[in-house]
Structure formats: structure tokens, C-alpha cells
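For reference, the structure discussed in these notes is given below.
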Amino acid sequence: MTEVHIDRNDPVIRSFTKLLDERGIALSDRQLEQFELYYRELVEWNEKMNLTGITEREAVYIKHFYDSLSLAFFQDMSQVESLADIGSGAGFPGIPLKIAFPHLKLTIVDSLNKRIGFLRHLGETLGLADIQLVHGRAEDIARTPEHRDHYDAVTARAVARLAVLNELCLPFVKVNGWFTAMKGAAGEEEVKESTRSIRELGAELAHLHAFQLPMEEGNRYMVVLTKKKSTPKAYPRKAGVPLKAPLS
Ligand code: SAM
């Protein structure tokens, strides 16, 4: 791993670690080094390709890193071995979760190969083991036997509305596993319009957690679904169809 020096008195590191301590997540110096390297690589690569609109250091730590880790406030990550992050973009929430919970076997699926290229470089720079980077549409990848009905846990942030996302993500979840969608202020409304997709994809709504992020106005939602039976053959439909004709 590339060397970087961490000062725990640095104001950004101090507020990041304090906020996480309050949630029972303690990071080692090595993990903090990985977050700092992630920040530097993200900002550097962002000059060459579109990865994020957020580049100010404290904002990256809170709105990307802390926000990604908020999944672990509601799900016991020690019970998860395999995690899939669908439409991860620049690595959110999968990479911050992998840094904080190194035991995870992380699979990332994204349809943009340039972003997969960034994540490959990032994984090497941060010395992350057990990450699988898959380039492709979730609709296509979920039809391959090694990914279908396979993961303990699946998540996605900022990819599509829930009625669409259920079709992209639930096929990856193993029976009795869970899918957690990280949602903004419209989360509650999106759950209401997702009744059909939840039922068709063989899942149940387990929890709808509302919370607020530091530095952010308005509510955030963590929608937790559990999968009760394997995905029916008809799903997911052909790439592009779930977005054009959502199951709502
Ligand atoms: N999850 C990241 C975040 O929260 O910052 C990235 C969000 S970005 C707005 C959406 C990402 O989803 C993009 O990287 C895009 O390539 C990917 N994506 C959209 N539709 C997809 C699909 N059907 N299959 C795989 N990836 C998809």
C-alpha cells in the first residue's frame, strides 16, 4: 500500500472518527490511511473522468465515506460474508464498507468500464483483498449462475428509484439474505410505489429506518428487504426494460 501519514488531530479525521465512534465503529491507523488515500485518488482521477461532484475534503469524508458506512448502523456487518454493491460508481458504499469491515468479500457491479478501471487501481493502491470488480449491466450479470441468488447482502446508493432497483438488485440476493437500498428524502414514498416489485421478486419489507446525516438537510432512509424465495425466471427483464417499465 502507498504510504500516507495520518494525524488523528487533523480536524476532518477528528470529526470523522468521533462520529463513527458514536456508532460503535473504531478505525485503526491503517484504515484511516486507506480512507485518506481513497480521498486523494478520488480527487486526482476526478480531474480525468467524471467520478463525483463532491471534492472538498470534509464533504468527501462525510457525504461519501460516513454516508456509505451508515449502512452498518442498521445492519450487523459481522453477519455478512459476501456483499454486492450494484452501480457502485466511484466505489460507494462498497469500498468504505470494505475498508471498515475487511472480512467482507466484496463484489462491485457497474456498467461503466472507466469507473471499474478506477476501482481496480484503487483496490491495488489501498491493498484491498477479496474484491471482485464486474463490468456490465446488473440485468445481465444477475442472470449468470455465479451471481444469481448468491450474496448474503446486496446494496445500492443513488442508482435508480426503488421499484427499478428491486429488479436490478434482488436477483443477486440469496434466499434469506437482504437487500438494503440507501435512499434520500423520497425513500418512504418509493417504498409505497414498490409493493409490486417487492412481491414479484419474492421479497418482504423488513425495516424502513429514517435518519439524518451530519452536514445534510432532510431525511435519509435505509430500506431493508429480505428475500424469501429464489428469483423467478422472468427477472430481471432485458437490460434497460426495468428502467423503462418499472414494476410499480
Ligand atoms: N453508488 C454510487 C454513489 O452512490 O456515488 C454511484 C452512483 S451513480 C449516480 C450510478 C452508477 O450506477 C453509475 O456508475 C452507473 O454506471 C451505474 N449503473 C446505472 N445503471 C446500471 C445498471 N443497470 N447496471 C449496472 N450499473 C448501473
State whether the residues of the range 214-223 include one that is crowded, with 20+ Cβ neighbours inside 10 Å and more than 17 Å from the chain's Cα centre (by Cα).
-> no
Matching entry among ALA90, ALA72 (being buried (at least 18 other Cβ atoms within 10 Å of the Cβ) and over 22 Å from GLN212 (Cβ atoms)) = ALA90
Would you pick out the residues in the range 48-87 that are touching a residue at least 40 places away in the same chain (Cβ under 8 Å) and either outside any helix (DSSP H, G or I) or on the phi > 0 side of the Ramachandran plot (or both)?
-> MET49, LEU51, SER70, GLN75, VAL80, GLU81, SER82, LEU83, ALA84, ASP85, ILE86, GLY87
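When you check GLU146 against the structure, is it open to solvent by 80 Å² or more (accessible area, probe 1.4 Å) and either part of a loop (DSSP other than H, G, I, E, B) or in contact with a helix residue (DSSP H, G or I) (Cβ under 6 Å, 6 or more places away or on another chain) (or both), yes or no?
It is true that GLU146 is open to solvent by 80 Å² or more (accessible area, probe 1.4 Å) and either part of a loop (DSSP other than H, G, I, E, B) or in contact with a helix residue (DSSP H, G or I) (Cβ under 6 Å, 6 or more places away or on another chain) (or both).
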Pull up the range 48-61, narrow it to residues that are over 16 Å from ARG115 (Cβ atoms) and crowded, with 19+ Cβ neighbours inside 10 Å, then point me to the one that is farthest from the ligand (Cβ to nearest atom).
-> TYR61
Verdict on LEU201 being in contact with a Lys or Arg (Cβ under 8 Å, 6 or more places away or on another chain), at pLDDT below 95 and open to solvent by less than 70 Å² (accessible area, probe 1.4 Å) = no
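Within the range 92-121, which residues are among the aromatic types (Phe, Trp, Tyr) and assigned to a loop (DSSP other than H, G, I, E, B)? Lay out the reasoning, then the answer.
Of the residues in the range 92-121, the ones among the aromatic types (Phe, Trp, Tyr) are 92, 101, 118.
Answer for the range 92-121, where residues must be among the aromatic types (Phe, Trp, Tyr) and assigned to a loop (DSSP other than H, G, I, E, B): PHE92, PHE101.
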Filter pass, SER78 being more than 16 Å from the ligand (Cβ to nearest atom) and open to solvent by 60 Å² or more (accessible area, probe 1.4 Å) = yes
In the range 18-47, how many residues are under 20 Å from the mean Cα position of the chain (by Cα), assigned to a helix (DSSP H, G or I) and farther than 26 Å from GLY117 by Cβ?
-> 2
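The values are calculated or read from the model by the stated rules, or taken from the named source; none is laboratory data. Worth saying up front: this structure is predicted, and the values here are computed from it rather than measured. Note that we place each Cβ from the backbone using ideal geometry, even for glycine, and neighbour counts take in every protein chain shown. Note: accessible area is taken over every heavy atom of the protein model, side chains too, but ligands, DNA and RNA are not part of it. Shrake-Rupley method; radii C 1.70, N 1.55, O 1.52, S 1.80 Å.
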